[in-house]
Amino acid sequence: MQAGFVTPSAAYSEFIVQMFIDSHAHIQLSQFNRDRDAVLKRAHEAAVSNILVIGFDMETSLGAVALSEKHTHIYATVGMHPHDAKDLTQDVLNTFRELAEHPKVIALGEMGLDYYRNLSPRPVQKTAFEQQLDLAEELQMPIVIHNRDAYMDILPILEARQGKIRGVLHCFTGDVELMHRSLAIGFHIGIGGIVTYPNAKDIQAVAREVPEDRLLIETDCPWLTPQFRRGKRNEPAYVRAVAEKIAELRNTSIETIGEITTQNFNLLMGTCFK
Ligand code: NI
């Protein structure tokens, strides 16, 4: 075949088979203001078919929704990060409830607990987390969980609501044992760029062993850039590097990882019904 020449059928099959969803991106942030269109174009060229833009406070939630209105393949979440848990007033909760009815808002979060930076007091974090879990139950929406050094508190909170909530533990950094506990509650495991770091043995073991119907891939861009661009800004196109590493670890093809994670995302988030 001539260099640079792609037959229509080859292009078509690439589009169908090699499809990746970045299940956790923050491309509403100012780090992307200068070149957001170019970033989206690179994602498209990398066969990243959909991007879930994650809100983590009022401003970034509104930013996620605004972006989802501009692009058919972009979806949004609304929620309050544990760092800013103290800002989750009743008014903010009510606004999240209204925003959740938007057709492009498919999940709540990111919410959770962060005992690493402790930017909000722990009791305040827990209250904000429980209030958002109540909202998720009320609206029957999936949730995106942020956890840092807080499994000992997050897992019991989720276990108490087992069967009533569903969602993803984003940027999973636990070991295989914690993975099994999370799976038992019915949660999905979100794997990001850390899996590509040479010393990330625990996460690589999780990526190897997580059942194929519970795996999601993500970038968490602009942070957690995969090894091949480590130190630079992350972006949705690089979710391919995550899929590639997981494929290597599981001894399968990148296409398979693309297929199963896309299917998992659509089933979990209900995008196939929207
Ligand atoms: Ni995030």
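The values are calculated or read from the model by the stated rules, or taken from the named source; none is laboratory data. Bear in mind the structure is a predicted one, so any value in this text is a computation, not a measurement. Virtual Cβ from ideal backbone geometry, glycine too; neighbours counted across all protein chains shown. For the accessible areas, the whole protein counts, side chains as well, though only heavy atoms, and no ligand, DNA or RNA atoms are used. Shrake-Rupley method; radii C 1.70, N 1.55, O 1.52, S 1.80 Å.
Of note:
- The stretch 184-197 - residue that is buried (at least 16 other Cβ atoms within 10 Å of the Cβ) and in a helix (DSSP H, G or I) and, of those, farthest from the ligand (Cβ to nearest atom): Thr196
- Here Phe96, Phe56 are screened, and the one residue that is of a type in the set (Phe, Trp, Tyr) and assigned to a loop (DSSP other than H, G, I, E, B) is Phe56.
- In the stretch 246-274, the qualifying residues are those that are assigned to a helix (DSSP H, G or I) and over 16 Å from Val48 (Cβ atoms), and the one that is most open to solvent (accessible area, probe 1.4 Å) is Glu248.
- Close pairs from the stretch 106-118: first in contact (Cβ under 8 Å) with a residue 12 or more places away in the chain and basic (Lys, Arg), partner within 14 Å of the ligand (Cβ to nearest atom) and open to solvent by 10 Å² or more (accessible area, probe 1.4 Å), Cβ under 9 Å, at least 6 apart: Arg117/His83; Arg117/Arg148
- Condition check for Arg181: more than 26 Å from Ser49 (Cβ to Cβ) and among the basic types (Lys, Arg): yes
- The numbered conditions (1) more than 14 Å from the ligand (Cβ to nearest atom); (2) open to solvent by 40 Å² or more (accessible area, probe 1.4 Å) are all true for Ile74 except (2).
- Subset of the stretch 224-234 [within 14 Å of the ligand (Cβ to nearest atom) and in contact (Cβ under 8 Å) with a residue 60 or more places away in the chain]: none
- Top-ranked residue in the stretch 13-61 [being closer than 19 Å to Ala107 by Cα and more than 16 Å from the ligand (Cβ to nearest atom); ranked as modelled with the lowest pLDDT]: Ser49
- Residue in the stretch 221-231 that is at pLDDT 95 or above, surrounded by 22 or more Cβ atoms within 10 Å (Cβ to Cβ) and closer than 14 Å to Val168 by Cβ present: no
- One residue stands out in the stretch 198-218 among those that are charged (D, E, K, R) and outside any helix (DSSP H, G or I): the one that is nearest to the ligand (Cβ to nearest atom), namely Glu218.
- Contact map, the stretch 134-154: residues that are aromatic (Phe, Trp, Tyr) paired with residues that are more than 15 Å from the ligand (Cβ to nearest atom) and assigned to a helix (DSSP H, G or I), Cβ distance under 9 Å, separation 6+ or inter-chain. Pairs shown: Tyr151/Leu178; Tyr151/Arg181; Tyr151/Ser182.
- Residue ID - surrounded by the most Cβ atoms within 10 Å (Cβ to Cβ), chosen from residues in the stretch 51-70 that are farther than 19 Å from Asp87 by Cα and among the aliphatic types (A, V, I, L, M): Ile51
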